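Values in this text are rule-based calculations from the coordinates and carry no lab data. Since this is a predicted model, take the numbers as computed values, not measurements. Quick reminder, even Gly has a Cβ in these numbers, built from the backbone with ideal geometry, and neighbours come from all protein chains shown.
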Amino acid sequence: MAELVHKHMTGSLSGPDSIELNQILTDPAKRKLFEELTDWHQTRAQVKIMSEGKTRVSWRQIEAAYPFHNKWYGLKKYLAAAAVILPVAGVVAWYFYAKPAQEVIPTVAPGPAQTQFASYHAKSQKAVWKRAAGLAVFLDELKNGVIGYADGEPVIKNDSELVYPAARRSNTLLTDTLQTLRGGYYRLQLPDGSKVVLNSASTVLFASTSGSSERRVSVIGEAYFEVVKDRTRPFYVRVPGLEIEVTGTKFNIEAYEEDNIIRTSLVEGHVKLKVGKQVTYLKAGEQAVFTASKQLEVKTDATLVKDAIGWKDGSFVFKDNTLKEIINELCRWYNLEVQYKGEIPENTYYGIFSRSSTIESILDYLQKQTGIGFLVDGKRIIIQP
């Protein structure tokens, strides 16, 4: 298990490794241990040792810190039997279980999280670039290189990334738009050097030049930000009903209209959230949840934050998500519509699997774990409890 934990944290899990790990995680005790081990603040020393090839030594150190090690021998025997009798499906990383809708999320001390900007290559370059003058183009139809100009300097397309030039500060700002379509994924470098990763079916509006006193963008959908520090010019992100103010930080904002919820997950630094007259401050390892009922809740859980940015590294990571939220995300990525036949339970679920998996393999696992029927009919998912 030590090697599997190490591979998970370094993003090097193979398909067979993922299947083996997820079989282990069907045991709630082992899942709890896994979540504790994958908290970077607690295990960075062990990971360093493992990266030097001392896996057995590091596992003994981990065993000494947690109460589950006496069951490891029995677990190995269980896995050997499971490898023979359990089918191996096409989902690269998956485990799934239902929980009561009101279950309390455990609280752990916040700590630094590992991130790597845009380490996941897009499934598709499906994105539309719209200039302030009104011209709109599909970026996947353009070759790499100079595709336009901002403030007289070239704007460059590099595969699934759009790079704006460092621009002089100006009080006259023109707003450009980058929009990903369903099944799309794109990266953006703003004129101030800040970086944005857009998830599928998302939009970011931004100034093509750099403001003299502040920096502002608006987001619909989901985006991950790495904001360049500049205390003289705060950076504002606006989503419907919420404004985020930062000077330099890394965070994820999820604000899809159909989900009726806004999640702000802070990886590094500090941010200030404004909801009307209400002001809330977040620090690294915290997630703010703003619901349709205008309630704002702050959760202190570093694993929640790590899970929230799993999408940009090529994974679906669901934690305490309803089935409708899960289906909405799958539909956005696989460009599908959904039809519900009957009432869907409000249970929440926990699951991890690869975004390169087929939709059929994911729905097959969902059906086995939830008991709900799923059918793909052309470009539509039909769900019947």
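What whole number of Å gives the distance from the Cα centroid of the range 251-281 to the Cα centroid of the range 186-241?
One Cα centre to the other: 14 Å.
For the range 127-300, report the translational diffusion coefficient in µm²/s to the nearest whole number, using Stokes-Einstein at 37 °C, 0.692 mPa s, and a Kirkwood Rh over Cα pairs.
On the way: Rh = 16.5 Å.
So the translational diffusion coefficient is about 199 µm²/s.
Based on the mean of other Cβ atoms within 10 Å per residue, sort peptides 217-224, 284-291, 129-136 so the most packed one is first.
Top to bottom by mean Cβ count within 10 Å: 217-224, 284-291, 129-136.
What percentages make up the Cα-Cα pair-distance distribution of the range 315-384 when the bins are 5 Å wide from 0?
4, 16, 32, 31, 16, 2
Take the residue pairs Lys143/Lys250; Lys229/Lys272; Lys195/Lys306 and return only those whose Cα atoms are more than 21 Å apart. Write out the running numbers ahead of the final one.
On the way: Lys143/Lys250 30 Å; Lys229/Lys272 15 Å; Lys195/Lys306 18 Å.
The answer is Lys143/Lys250.
When Phe251, Phe318 are ordered from fewest to most other Cβ atoms inside 10 Å of their Cβ, what list results?
Phe318, Phe251
In what sequence, highest mean first, do 297-308, 373-384 appear when ranked by Cβ atoms within 10 angstrom?
Descending packing order for the listed peptides: 297-308, 373-384.
How large is the Kirkwood hydrodynamic radius of the range 244-385, in angstrom, based on all distinct alpha carbon pairs?
Value: 16.4 Å, from the Cα pair sum.
Would you list the P(r) distribution for the range 170-230, with all Cα-Cα distances sorted into 10 Å bins from 0 and each bin expressed as a whole %?
23, 54, 21, 2
Enumerate the amide H contacts of Ile381 below 5 Å, restricted to partners 5 or more residues apart or on another chain; note that Pro and chain-start residues carry no placed amide H.
Glu337, Val338, Gln339
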